[in-house]
Every structure is written in structure tokens, then in C-alpha cells.
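Report on one structure; see the data block that follows.
The values are calculated or read from the model by the stated rules, or taken from the named source; none is laboratory data. Since this is a predicted model, take the numbers as computed values, not measurements. Counting neighbours? That spans all protein chains shown, and the Cβs are built from the backbone with ideal geometry, glycine included.
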Amino acid sequence: MSLFGEPFTVKTLKSGKTIEVAEGQTLLQALLDAGIPMDYSCEGGVCGTCVVPLVSGEVEHMDEFLMDDERETQMTTCVSRGIGTIEIDV
Ligand code: FES
């Protein structure tokens, strides 16, 4: 499984940033590069440490941590990706 995919845009509500996530970059890496402090551990979609609240947008969930109903309002940042533009509450 590739960790990478199509580029997308993320708006961060708490920190008020708009960040472009490149195709060769994870959302977690893009957030860290933008200076947003993030907790993470496995970077493989398993532990749930990097989960953030999802406010809007369509997400390609690639983790093995969240339950289907949790995927409506949360996403892992280490492996999952937005489609187009998404908003998260960090
Ligand atoms: Fe473990 Fe993202 S760091 S699920």
C-alpha cells in the first residue's frame, strides 16, 4: 500500500492555515512542515495517535484504526488523504 496519492488541500480551523499536501507527502508531514504540533507514533495507520477531527470534505481513509462511523468525523493524518479540499480542526 502506498502512503502517497493525489495532492489535496487542507484547511486547519484552529490554526487558520490553508496547506497544500503534495502527492509525495503525507498529511501528517504537511501539518508538521506548516508548524502545527502533531502527536504521532506508528505512521502506518494502526495506532490512532495522529487522529484529528474532520469538519468537512471527502476523505480516502487508509488506516486500520477508525471504525466506519468514526470516519464521518475523524481521520488519521499519517496515511489517509483528502480529496479536493478538506477541513480539519487542528
Ligand atoms: Fe499511528 Fe497515524 S501515527 S495511526
- Please specify each residue of the stretch 63-90 satisfying the condition of being within 10 Å of the ligand (Cβ to nearest atom) and either among the polar types (S, T, N, Q) or closer than 14 Å to Phe4 by Cα (or both). Asp63, Thr76, Thr77, Cys78, Val79, Ser80
- First in the stretch 30-47 and farther than 11 Å from Thr77 by Cα and within 6 Å of the ligand (Cβ to nearest atom), second anywhere and acidic (Asp, Glu) and part of a loop (DSSP other than H, G, I, E, B), Cβ under 7 Å, 6 or more apart: Val46/Glu64
- Somewhere in the stretch 49-61, is a residue without any contact (Cβ under 8 Å) to a residue 60 or more places away in the chain, at positive phi, buried (at least 16 other Cβ atoms within 10 Å of the Cβ) and part of a strand (DSSP E or B)? yes
- Task: Please tell me if Leu3 is at pLDDT below 95 and within 11 Å of the ligand (Cβ to nearest atom).
- Result: yes
- Any chance the stretch 18-30 includes a residue that's of a type in the set (Val, Ile, Thr) and surrounded by fewer than 16 Cβ atoms within 10 Å (Cβ to Cβ)? yes
- Message: Could you list, ordered by first residue, the pairs with Cβ atoms under 7 Å in which the first is in the stretch 65-90 and within 9 Å of Leu54 (Cβ to Cβ) and the second is among the hydroxyl-bearing types (Ser, Thr, Tyr), at least 6 apart or interchain?
- Response: Ile86/Ser56; Glu87/Ser56; Ile88/Thr12
- Query: Would you say Arg71 is of a type in the set (Lys, Arg) and crowded, with 19+ Cβ neighbours inside 10 Å?
  - Reply: no
